[in-house]
1. Is it the case, given these coordinates, that A:Arg588 is at pLDDT 90 or above, of a type in the set (Lys, Arg) and farther than 24 Å from A:Glu506 by Cα?
2. Would you point out the residue of the stretch A:133-181, among those that are among the basic types (Lys, Arg) and either outside any helix (DSSP H, G or I) or farther than 19 Å from A:Arg299 by Cβ (or both), that is nearest to the other protein chains (Cβ to nearest Cβ)?
3. Out of the residues in the stretch B:610-629 meeting the condition of being surrounded by fewer than 18 Cβ atoms within 10 Å (Cβ to Cβ) and touching a residue at least 24 places away in the same chain (Cβ under 8 Å), tell me which one is nearest to the chain's Cα centre (by Cα).
4. Go through the stretch B:458-480 and count every residue that is exposed (fewer than 14 other Cβ atoms within 10 Å of the Cβ) and not charged (D, E, K, R).
5. For the stretch A:498-537, which positions are of a type in the set (A, V, I, L, M, F, W, C) and either in a strand (DSSP E or B) or in the same structural domain as A:Gly682 (by TED's automatic domain parsing) (or both)?
6. Please state which one of B:Leu320, B:Leu330, B:Leu402, B:Leu406 is at pLDDT 90 or above and in a loop (DSSP other than H, G, I, E, B).
7. Would you check which residues across the stretch B:305-317 are assigned to a loop (DSSP other than H, G, I, E, B), modelled with pLDDT under 95 and either within 28 Å of the chain's Cα centre (by Cα) or not hydrophobic (A, V, I, L, M, F, W, C) (or both) and list them?
8. Take the residues of the stretch B:160-213 that are of a type in the set (Asp, Glu) and at negative phi: which is farthest from the chain's Cα centre (by Cα)?
Protein chains: 2
Amino acid sequence: MRPRSVAVVGASDDATRIGGRPLAYMLSQGFAQGREGALMPVNPNRATVQGVPAFASVAALPQAPDAAIVAIPGEAAIQAVADLGAKGCGAAIVFTAGFAETGEAGAAMQARLLEAARPSGMRLLGPNCLGMFNATLGYFPIFSASFENGWPRPAARGMGGVGIASQSGAYGSHLFAAARDRGIATPVLVTTGNEADLGLSDIIGWMAESEEVQVIAAYAEGIQNGPRFIAALQAARAAKKPVVMMKVGRSALGQAAAQSHTASIAGDDRVMDAVLAEFGVHRARTTEELLDVCYVAQRGIFPARNSLGVVTISGGAGVLMSDAAEAVGLPMPPMPEAAQQKLKELVPFSSPLNPVDCTAQAFNDMSVIGAFAESMVTDGGYASVIAFFTQWGASPSTAPRLRAELKKVLDAHPDRIFLLSILAPLERVREWEADGFLCMEDPSRAVVALAAMGRFGAAFAEAPAAAEDLAEIPLPAVSPNEADAKRILEAAGIPLVPEAACQSAEDAVNAAEAIGYPVVAKILSPDILHKSEIGGVLLNLGHAAAVREGFALLKQRARAHAPNARIDGVLIARQVVGGTEIALGVVRDPVFGPMAMVGLGGVFIEIFADVAFRRCPVDAAQAEAMIRSLRGFPLLDGARGKPKADVAALAQALVALSRFGAAAGPRLASAEINPLLVLPEGQGAFAADAVLELTD
Amino acid sequence: MRPRSVAVVGASDDATRIGGRPLAYMLSQGFAQGREGALMPVNPNRATVQGVPAFASVAALPQAPDAAIVAIPGEAAIQAVADLGAKGCGAAIVFTAGFAETGEAGAAMQARLLEAARPSGMRLLGPNCLGMFNATLGYFPIFSASFENGWPRPAARGMGGVGIASQSGAYGSHLFAAARDRGIATPVLVTTGNEADLGLSDIIGWMAESEEVQVIAAYAEGIQNGPRFIAALQAARAAKKPVVMMKVGRSALGQAAAQSHTASIAGDDRVMDAVLAEFGVHRARTTEELLDVCYVAQRGIFPARNSLGVVTISGGAGVLMSDAAEAVGLPMPPMPEAAQQKLKELVPFSSPLNPVDCTAQAFNDMSVIGAFAESMVTDGGYASVIAFFTQWGASPSTAPRLRAELKKVLDAHPDRIFLLSILAPLERVREWEADGFLCMEDPSRAVVALAAMGRFGAAFAEAPAAAEDLAEIPLPAVSPNEADAKRILEAAGIPLVPEAACQSAEDAVNAAEAIGYPVVAKILSPDILHKSEIGGVLLNLGHAAAVREGFALLKQRARAHAPNARIDGVLIARQVVGGTEIALGVVRDPVFGPMAMVGLGGVFIEIFADVAFRRCPVDAAQAEAMIRSLRGFPLLDGARGKPKADVAALAQALVALSRFGAAAGPRLASAEINPLLVLPEGQGAFAADAVLELTD
């Protein structure tokens, strides 16, 4: 990432060719300046390349380069990698295509490429990658044509640089160019190509610790290695560097397109959402949103308790921003009463609630705007402020007066995020930015970006959970039956509906007395799968005589309907009345491992896909947050005249199941409790059915 | 809207003042050019204003102006309006503020202003309005400062002009300036201020029929007159002019803000959604989206069956667009097999499914791009095509070659919408646009805008429903009880669960035989509200003896538990088994009148607010579309192992209820059938309960 010397294997004298561009870029951007021999073209046919002394082969290099570019085809590239490793080179960036992206034969070649680097421990970026740059060093091992329209910008005073990590070369380079054109500093770009060795996670992890990068923008089609990805996100959060991510393949159509594009593993998109949310990553829906969030994040202000104050000269735009803020959950509390009074005295027809509309009257007396904005920050206490001034930000008759007023407020409150929503040509926007303002034309986009700053702040403020070593739970050799599955989960701390397998009518009565009436009686037989179809379930048995009678009746029905079935006895269980049916589960994601899942049963899951996921294990607070995030949560919270459900007991069961999921190891494919019956507050939650699916 | 002469009452010699700007603008834009006396400043203190001969009073004007601007305060404005009317002026634009927007006293003044115009029939725009312009005539009766940064653009060849109608002056003028800066032609802008006389609907209606405007952009806080608004939308649809609307106040926060801003009536936002959807209006969520849709709509291509083809040089961007298309319901069918084969032969590593990724290989041979794009149009048959070429659209080394290739395809297919997603400075974009291309940087925004073109096309292709005169249905003097409500609805064509009120056990048995077993028996008493609490409902009576027994039992229970209750007999009703519970309703919206409503019962309505609205009456196809739009629709369509429900019968009941809603007149506040029990296919749907709420 920060080499002192670079070899270019396949260096071309033609600065527009793949093997020529990196050399030309590095020469133009001063990489080798003052360091004789820092750039080492390798070309068997020329004494110099682009004016730089060249070497005939890797073996002929006078010293081991810190890094090397490999821009030669097929087998020769593999040889070059082996030679570079032998020479002592630290890392190679392999542009060469024709590897795993082309099919099986290519994948085998890629395995040999990786093998060639292994003996020396040299790291690889690519193959089939566009390359990377670290502009702070003038280091440009990349063949993108993006620089025809301009070089990466240095970060402005007080602003952080955005590092771009992308699995796609074309998209990464598009992102760089779009960022540059918006005036966003992007000191580092890395595209990872086929990820034979280094992957997106490694790059994010490096950026988390690098001085060059304060904001991380990532593009992913699929994550190959879950633990490495999570370690990278943890590092970024620990360094308080926001990660803004475009993860494509959200839709069915998109997943199909992603598969035709690369061999990425696209798991359940909701699992990805859950993992990103866990670490406070902002998942952008559009490229523009990604850039918006990066743009505002450069400022480096991440309020743990965000709130939005809006000062506007258009009441209409104020309403529009209120709609937008509610849609993204950014609170817009009203101004304090006293402050409202003060502002109303200043401008009689103003509406100083929040949005604070200072009306077109401010056109004549702009000191009003300064007073209003200052009051929003000091009296309203908003962490984020949008000032909507449309063309006033550009008009010669308004812009200078407006700037004078707002600058005072900005300078007095460096801990707040000020964002101007103005309509102005780029050169005018640059002037505002030079004064320290953030500028965005569309106020709705501004709201979305500001909301993200608060979520980053909340994630940074959260104490990272200490990794806990859970003792591994021994599992049976094959998937257990329902009764055994229940016993395993009970041992893991999940309360079951009280039940007992009984061999005699006396046993059954004793069990019922212990459990408490009314009870349910079910015939117990491994050979009778659909008990209720043969009348094998009796509900609502309220006293000893009924239990005794029921025991006999079940035996008789079983004999009548299934004369050959093995009968293990009768199951006596408490009849749970008035519980809400919840589905709890653990599913093993191929990338991220065991994920805890909770949802309301029935239509909520089947029709609305209303479930919440989080990596196992979860603690009580996390479990409760998952439960509260369900759209169907009101049903647990007293909707439709039902008593409030025992959410604490439900959360406790989710915690226990998630810890079981984490401790059970990779053989646990899934665990499902459906239904878990959640009783009214204080009365608990009990598993009524359970399935464990194990692999060999 | 197209005056030949204009008086300016309160004309100022200072071109930056409210009374000075319109005169200065019209002089600069050639309004009066060649027409001596077309501009008539009225100012008692000056012989000329801005060089134009002035008149001391309205009475002193040499002729009746077609239109007049009123830019003088308070009472004098009212007098000016009266004088202008008396003189024979056609319309006045009243800038003056201090009317209804300031409270009750102002509202009374506004009533007098309107009164002043009434005798002559002169129309009013405003008061408290920013004004309007019709740039095709140089007519600028407006005091916005927006023109400091540029005048409205004329429409480019082959492109339509966008008319802006706005209830907010500041927002309307922001919209104009933002459109201008994006190169969108806006020949007409009208801001409506307090809407004492002319309102937003009148302006939309005028634009629907005007030559100047081909696309209508509207901003609304609240609609005052439902029928006028609907007539305007009908006119726009009939003229095949798309309407793009920003209606703020979607959220609770936004509604509160809207109320503090103006006195707009903000009804149920879902009703507004339903009305806009009925006429194919695109409701934009953000200003940017509004401008995006207008930008693409200028092209005037509205495919009734839209489909999207994507040609890209970045697989990643292709996946991103697939995600975006699925999110907005824009179909992206795959390329035909044969065409895929053809393209694969052309570029071996390409992925020609759709998105069609022609890969960076096209950099060397751009004829590939032309061939790919042509194949998408002719073989794929896509109505809309996005070409994602990022910086290639601006780079000197790529842009000219790219333009040559794509221009051929564009020119050969003038019926398709071509949109380039490129990263280019404004001046480069203008060159592409001059060639007839649409350009948008963000591909996701492009997808949203293209999807809107298809919805416009579908709305334009729909035959407008012939207005039907429904005979008014007589209603009782007060809200009827359940039995009477059911009878009224039965007469309106809604099937009821068969039932009969019975006075004797014999009656009950006869009724049960006629209805068919099993039946339900309920005690009938106006004094027993909660029948089931006293055991007053018996289910599942399967034969005559059970009915006879039940009759006696119900009477006895009623006597025991409510000795003083009046007993009207026993209700015998068919016991409907296996029906899905649906809620049907009609609610009278204060703005749009009776709205038909359908939703699945229970949690669907209470937790998910999963209901569909449409204005009464609806026909069978519209009713079925409403039902299918419900998120819970799968429950009627065989989800969870249930048989498919009789959706046709449900739709028929919805049609009948909606026709009742339309015919019942304004005294019907609401009608509710909850539940309507929908049986399996072919078995019908029956109302089990009904409530009619009438007003005096």
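1. Numbers: at pLDDT 90 or above: yes; of a type in the set (Lys, Arg): yes; farther than 24 Å from A:Glu506 by Cα: yes.
Yes, satisfied.
2. From the stretch A:133-181, those among the basic types (Lys, Arg) are A:153, A:157, A:180; that's our starting set.
Then drop every residue that is not either outside any helix (DSSP H, G or I) or farther than 19 Å from A:Arg299 by Cβ (or both), which leaves A:153, A:157.
Working: A:Arg153: 15, A:Arg157: 25 Å.
If we take residues in the stretch A:133-181 being among the basic types (Lys, Arg) and either outside any helix (DSSP H, G or I) or farther than 19 Å from A:Arg299 by Cβ (or both), then A:Arg153 is nearest to the other protein chains (Cβ to nearest Cβ).
3. Start the filter on the stretch B:610-629 by keeping residues that are surrounded by fewer than 18 Cβ atoms within 10 Å (Cβ to Cβ), which leaves B:619-621, B:625, B:628-629.
When the remaining residues are screened for being touching a residue at least 24 places away in the same chain (Cβ under 8 Å), the result is B:619-620.
Details: B:Asp619: 19, B:Ala620: 21 Å.
Out of the qualifying residues, it is B:Asp619.
4. Residues in the stretch B:458-480 being exposed (fewer than 14 other Cβ atoms within 10 Å of the Cβ) and not charged (D, E, K, R): 11 in total.
5. Keep residues of the stretch A:498-537 that are of a type in the set (A, V, I, L, M, F, W, C), which gives A:500-502, A:505, A:508-509, A:511-512, A:514-515, A:519-521, A:523-524, A:528-529, A:534, A:537.
Scanning the stretch A:498-537 gives A:Ala500, A:Ala501, A:Cys502, A:Val519, A:Val520, A:Ala521, A:Ile523, A:Leu524, A:Val537.
6. Values: B:Leu320 fails: in a loop (DSSP other than H, G, I, E, B); B:Leu402 fails: in a loop (DSSP other than H, G, I, E, B); B:Leu406 fails: in a loop (DSSP other than H, G, I, E, B).
After applying the criteria, what remains is B:Leu330.
7. First, pick out the residues of the stretch B:305-317 that are assigned to a loop (DSSP other than H, G, I, E, B): B:305-307, B:313-314.
Pick out the ones that are also modelled with pLDDT under 95 and you get B:313-314.
Matches in the stretch B:305-317: B:Ser314 only.
8. Out of the qualifying residues, it is B:Asp181.
The values are calculated or read from the model by the stated rules, or taken from the named source; none is laboratory data. Everything quoted here is computed from the prediction, not taken from an experiment. Here Cβ is always computed from backbone atoms with ideal geometry, including for glycine, and neighbour counts include all displayed protein chains.
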